[in-house]
Structures are given as structure tokens and as C-alpha cells.
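The values are calculated or read from the model by the stated rules, or taken from the named source; none is laboratory data. Worth saying up front: this structure is predicted, and the values here are computed from it rather than measured. Backbone-built Cβ (ideal geometry, glycine too); neighbour counts: all protein chains shown. Areas reflect the complete protein model, heavy atoms only, side chains present, ligands, DNA and RNA absent. Shrake-Rupley method; radii C 1.70, N 1.55, O 1.52, S 1.80 Å.
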Amino acid sequence: AHVVGQIDFLPHLRVHGHMPGVGWRRRDRGEVVGQLMRLALVPVGHQAGRLPLGSTGGANVSAFEPMAIPPEIARLMADRDP
């Protein structure tokens, strides 16, 4: 969801809005804190045009380094309406 959602502001923000709850249910304090920080970074990243495309968005990966996009997800992204 994050890889596809990060190309548009609102879906990207929504995905990160759900992630602290995932961390909470897993009792992963680092994920909760990391996601709250990323929620603050989403507007900045979109405004600056500096998003790490392909990132899974978890607090356990860099908020700044792009990652390879799996081929099946890249096809979904290419097929979406402009």
C-alpha cells in the first residue's frame, strides 16, 4: 500500500496514518514513534519532491533511500489512470 500510495499525497498520508496502529498492535514502540515522525515528513517530502520511491514505509527502513519496486507493483503503478 505504501509503495503505490506514496505517489499521491492523500493516499500516502493515509497509509502512514494507519501504520502507528499496526505498530501499537505489535507492541513495537519504535514503529509507533517512527511512523509519527514520518507523518510529519509526508507533507515536506511531497512539497520538496523528495520521496524515496519504492520504500515500504516502515520505521525499520530509511525514510530517505529509494528501494527497488517489485515488478508486479510497478505494473500496477504504470496501469493507473494519469
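Could you say whether any residue in the stretch 48-70 is in a loop (DSSP other than H, G, I, E, B), buried (at least 16 other Cβ atoms within 10 Å of the Cβ) and in contact (Cβ under 8 Å) with a residue 60 or more places away in the chain?
For the stretch 48-70, residues in a loop (DSSP other than H, G, I, E, B), buried (at least 16 other Cβ atoms within 10 Å of the Cβ) and in contact (Cβ under 8 Å) with a residue 60 or more places away in the chain: present.
Among the residues of the stretch 26-47, count how many are acidic (Asp, Glu) and open to solvent by 40 Å² or more (accessible area, probe 1.4 Å). Give the derivation first.
At the first step, the residues of the stretch 26-47 found to be acidic (Asp, Glu) are 28, 31.
Right, trim to open to solvent by 40 Å² or more (accessible area, probe 1.4 Å) and you get 28.
Going through the stretch 26-47 one residue at a time, the tally reaches 1.
Give me a count of the residues in the stretch 1-33 that are closer than 18 Å to Met67 by Cα and either free of Cβ contacts under 8 Å to residues at least 40 places away in the same chain or in contact with a Leu (Cβ under 9 Å, 6 or more places away or on another chain) (or both).
The first filter runs over the stretch 1-33 and keeps only residues closer than 18 Å to Met67 by Cα, leaving 1-8, 12, 15-16.
Now drop any that are not either free of Cβ contacts under 8 Å to residues at least 40 places away in the same chain or in contact with a Leu (Cβ under 9 Å, 6 or more places away or on another chain) (or both), which leaves 1, 3-8, 12, 16.
Of the residues in that region, 9 qualify.
Checking the condition in contact (Cβ under 8 Å) with a residue 40 or more places away in the chain, out of contact with any strand residue (DSSP E or B) (no Cβ under 8 Å at 6 or more places or on another chain) and among the aliphatic types (A, V, I, L, M), which residue from Leu76, Leu41, Leu36 passes?
Leu76
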